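Following: one structure in C-alpha cells, then a few remarks.
The values are calculated or read from the model by the stated rules, or taken from the named source; none is laboratory data. Treat the numbers as computed from the prediction; the structure is a model and nothing was measured. Reconstructed Cβ throughout: ideal geometry from the backbone, glycine too, with neighbour counts over all protein chains shown. When the accessible area is computed, the model is the full protein with side chains, heavy atoms only, and any ligands, DNA or RNA have been set aside. Shrake-Rupley method; radii C 1.70, N 1.55, O 1.52, S 1.80 Å.
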Amino acid sequence: MKNIRLLLVDDEQDFVETLAERLRLRDLGPDVALNGEAALTIVSDSIPDVMLLDLMMPGIDGWEVLDRVKTQFPEVQVIVVTGHGSDTDRDKALANGAFAYMRKPVDFDQLVITIMAAYDCRVAMESTEDAAAIG
Amino acid sequence: MTLTHASHDSFRWLAARVVLLSATPVALLALTVCSLLFTAYGHDAQTPFGALVRAVTAPAQSVADAMERAATAFPGATILHVADERVVQATGHAAPAPMDAEARELVASLGGPLTTSMHAGERFALRAAIPPLPGSPAMAAVSIAHGTGQDDSAAGQAIVVSMPLRLLFPQMEYAWGMTIIVSGVLVMLLLYNSLVFSGYVQQKLSSEELRRRALERRMVEANRLSSLGTLAAGIAHEINNPLSIMTQEAGWLEDLTEDGLPAAELAGKVRTAARIIHTQGARCRDITHSLLRLSRQGAVEAGAVDVNAVIEEVGTLSQHRCTTQRVALRMETDADLPPAYAAQAHVQQILLNLVGNALDAMQGREGTLTLRSRQEGEAILVTVADTGPGMSATVQSRIFEPFFTTKPAGRGTGLGLAICYGLARRNNGALGVHSTEGEGTTFTLSLPVMPSDDDMPQPGGEHRIPAMPEPQPRSEGEPA
C-alpha cells in the first residue's frame, strides 16, 4: 500500500502541484508531468502503478498518452481526470483501457479511493501474472 | 432568401402599370377600328348629300334661283355663290372665313367651266366632313349654267352648299354623346381595376414580407443561439479547470489546519493558496463576463462599435476550442482603429460564425487562426484567416448561398454564412471571401467607419439599421 508509484499528468500547474502536495500528506508521493511528452518519458523511465491523466493538453494530448501507455505498458492503471464531460469521451476512454473516468472538479477523497482501487487492481493483475508464470 | 430590404410600395406601382400597359394595346386597337368604321361610314353617309344638292340646283334658271332652291331644300345651310374663284354672295348663316377658302378650293377642283355640250350640274364635287364630328360641315359644289345667254366663257360659276353634319343627321350628337360616355366609363373601370389589383398585390406582398421577416428573425436568432451554444460547451470546460484548482486549494487549506506546521510556514502556504484561488477566480470571472457581454440581447441598434474589443472577446471565447484543436490563435489588431458604425450584436455574431467556420475547416490538423483589423479609407476591415484546406472556386462562388454547406449532413445548416452576409449588408457593410486550395481561406468583413459628430446621421434617419431581428427589445423569458 505504501509504495504506490503514482504519476500525475496535467498541464494546469497550480492544480497538479497542489494535488501532489495533498497526496504527499497521505503518503502517496506522486511524480508530476506537465505535458504529454514529459509523461511518456517518465513512464518509460520508471513504470508507474497508477497514472492520473488529463485529456486536454497542448502537444501530445491525453488520448495519445493513454493509447501509447496502454499499448506499451498495459499493466499501468490510468485514471482519466478531465474538465471535459461528455459521455462519448467517457465511453471512449474506458474502451481505450482507462481504469476510471473522473470529471473535474474531483472530490479528493473519491480520488484517493479510486487510486487505491486502481492499485489493488494492478496488484491483482500482477499476482495472476505471477501465478500464471509459476503455473 | 436575400435578407435585403425591399419596399413593396414600388411593387404597387409596378402592378398598376402592368394593368394599364396590358390594357393599352386593346385600347389602341379599339380606337383604330372605331375611327376606320366612323370614317368609312361617315363618308358613305354624306355621299347622298352631294347628289341631292346637284338634283336641287341643276334645274335652276339663274344663280338666284339656284340659291333659292338650295336654301329651301337645306334649311340651316350656308349657300355660297362662287364666281371667278371669288365668293360673290352668301346666304343663310354668316360664313366664317375658312369656309370661304374651302368653298373656293372645292370649286377649283370642279375642273373648269361648263362647256356648251354639258348640261347643268354635270360637274359637281362633294367634300365630306372627316372625321364626322357634329359641328363640321359637309360641302357640295355644283357648276351651274346661267340661262341669261351671256358669255359662257365667264367661267367658274358655281353654287356651294355647306351644311353642318348635325343638321344632316339629327341623331349624330346622341351617338357621339353615347360614345364619349361609354369610353369614359371604360377608362374609369380600367383605372379602378388597376387600383384594386395593385392594392391586392401590395397586400399580398406585405403579408408575404411580414412572414419572411418573421422567419428571418427566427433564423438569425437560431444562428446566434447555436453559435453561442457551440461556445457554451467549450466554456463550461474552460471554467472547470480553474474551478477544480480552487476546490483543490480549499482542500489543501483544510489539510494544512490538520498539520502541526509552524505559524510562519503555515501563513506562507495559506497566502500562496489564497493567491492561487484569487487568480483562478479572476479567470472564471473573465470567461463569464465575456459570455455575458456576448449573449446580451440588445445592441442591435447601430452605434459606435469598438471592433478590436469584439475581436478580443470572440478570441477569448474561442481560445479553448483553439487549444483543443491545437490551433494557434493570433490577433493582430490595429490600435488606432476608429470605431465602426454598426450593431455590436451583429458584428459579434458574424465574427463568431466566421471563427467557428475557420476552426471547423481546420478540424484534425494543426494551423493558425488569425484575426486582423485595419482601416482602409472609409471602411474598417476585419479579416478571419485560417490555414485550413481552402476551397475550390465553385465552392467559393456558392459559399454565401442559403443551405449551401460543405459540412457533413447533420453538422451544418448551410445558413451561417448566408446569415452573416445578410447581417453585414444590413449594417451597410460587406462580407467577402478569398481562398486558395491547400493554403487556407480568408473572410473579410468590411464595416463603415463611424461618422464624425458634424455629419452624424439623424436618429431614425436612413442610416438607422433596420431593426429587423428585434423590432422591439425583447423581454426576458418571452416564449420563443
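What is the calculated FRET efficiency for A:Asn96 to B:Ala393, with r their C-beta to C-beta distance and R₀ = 35 Å, to the nearest 0.05?
0.25
Rounded to the nearest 0.05, what FRET efficiency do A:Ala38 and A:Glu75 have when you use their Cβ-Cβ distance and R0 = 22 Å?
That gives a FRET efficiency of 0.60.
According to a simple spin-label model (label point 7 Å from Cα along Cα-to-Cβ), what is the distance in nm between B:Lys204 and B:Arg374?
5.1 nm
For B:Thr32 paired with B:Ile181, estimate the spin-label separation in nm (one decimal), with each label point 7 Å from Cα along the Cα-to-Cβ line.
3.0 nm
Exactly which GluC sites (Glu not before Pro) in region A:48-135 are in a DSSP loop and have at most 16 other Cβ atoms within 10 Å?
Taking region A:48-135 and a limit of 16 other Cβ atoms within 10 Å, the loop GluC sites (Glu not before Pro) found are A:Glu75.
Counting each pair of different Cα atoms once, what's the Kirkwood radius of the protein assembly as shown in Å, rounded to one decimal?
That comes to 34.3 Å for the protein assembly as shown.
Based on alpha-carbon centroids, what's the gap between region A:109-123 and region B:201-230 in Å, whole number please?
About 56 Å separates the Cα centre of region A:109-123 from the one of region B:201-230.
Can you sort A:Lys70, B:Lys204, B:Lys407, A:Lys104 by 1.4 Å-probe accessible area, starting with the largest?
In descending accessible area the options line up as B:Lys204, B:Lys407, A:Lys70, A:Lys104.
Any idea what Rg and Dmax come out to for region B:220-452 if you just take the C-alpha atoms, in Å?
21.2, 73
Less than 11 Å Cβ to Cβ from B:Ala141, Lys/Arg counted +1 and Asp/Glu -1: what total charge do the surrounding residues give? Working shown, then result.
Values: positive: B:Arg54, B:Arg104, B:Arg123, B:Arg127; negative: B:Glu102, B:Glu105.
Here the charged neighbours net out to +2.
To the nearest 10 Å², what's B:Phe11's accessible area with a 1.4 Å probe?
90 Å²
Is any helix in chain A, taking whole DSSP H runs, at least 20 angstrom long along its axis by alpha carbon and on average at least 0.0 on the Kyte-Doolittle scale, and which ones?
Answer set is A:108-134.
For region A:1-73, just say rounded, prolate or oblate: build the C-alpha gyration tensor, square-root its eigenvalues into a ≥ b ≥ c, call rounded for a/c under 1.5, and beyond that prolate if a/b exceeds b/c, oblate if not.
On the way: a/c = 2.37, a/b = 1.27, b/c = 1.87.
Since a/c reaches 1.5 but b/c is at least a/b, the shape of region A:1-73 is classed as oblate.
Ignoring ligands, DNA and RNA, how do B:Tyr174, B:Tyr200 rank by accessible area with a 1.4 Å probe, largest first? Working shown, then result.
Values: B:Tyr174 150, B:Tyr200 125 Å².
Correct descending sequence by accessible area is B:Tyr174, B:Tyr200.
Given points 7 Å out from each Cα along the Cα-Cβ axis, report the B:Ala64 to B:Glu332 separation in nanometres with one decimal.
With each label placed 7 Å out from Cα toward Cβ, I get 11.9 nm.
Only bridges whose two residues both fall in the protein assembly as shown count here: according to DSSP, what percent of them are antiparallel, nearest 5?
Antiparallel bridges make up about 70 percent of those DSSP assigns within the protein assembly as shown.
Got a number for carbon plus sulfur as a percent of region B:299-369's accessible area, 1.4 Å probe?
Of all accessible area on region B:299-369, carbon and sulfur atoms account for 47 percent.
Relative contact order of region B:346-453: what whole-number percent is it, with Cα pairs under 8 angstrom and at least 6 residues apart?
Contact order relative to length: 31 percent.
Would you rank A:Cys121, B:Cys322 by solvent-accessible area, highest first, keeping every protein chain in place and using a 1.4 Å probe?
Reading off the accessible areas and sorting them downward yields A:Cys121, B:Cys322.
Taking a probe of 1.4 angstrom, what is the accessible area of A:Ile47 in Å², to the nearest 10?
50 Å²
Rounded to the nearest 0.05, what FRET efficiency is calculated for B:Phe197 and B:Ala309 with R0 set to 51 Å and r the Cβ-Cβ distance?
0.45
Report the semi-axes of the equivalent ellipsoid for chain A in whole Å, largest first, where each axis is √(5λ) for an eigenvalue λ of the Cα gyration tensor.
Details: eigenvalues 97, 61, 44 Å².
In descending order, the three semi-axes are 22, 17, 15 Å.
Mind checking the mean number of beta-carbon atoms from other chains within 10 Å of the Cβ atoms in A:15-22?
On the way: counts 10, 2, 5, 12, 5, 0, 6, 7.
Shielding by partners across A:15-22 averages 6.
Per 0.36 nm of contour for each residue apart, how much would the distance between B:Leu225 and B:His278 grow if the chain were fully extended, relative to their Cα-Cα spacing?
Roughly 15.9 nm would be gained on extension.
With every protein chain left in place and a probe of 1.4 Å, what is the accessible surface of B:Asp306, to the nearest 10 Å²?
Its heavy atoms expose roughly 90 Å² to the probe.
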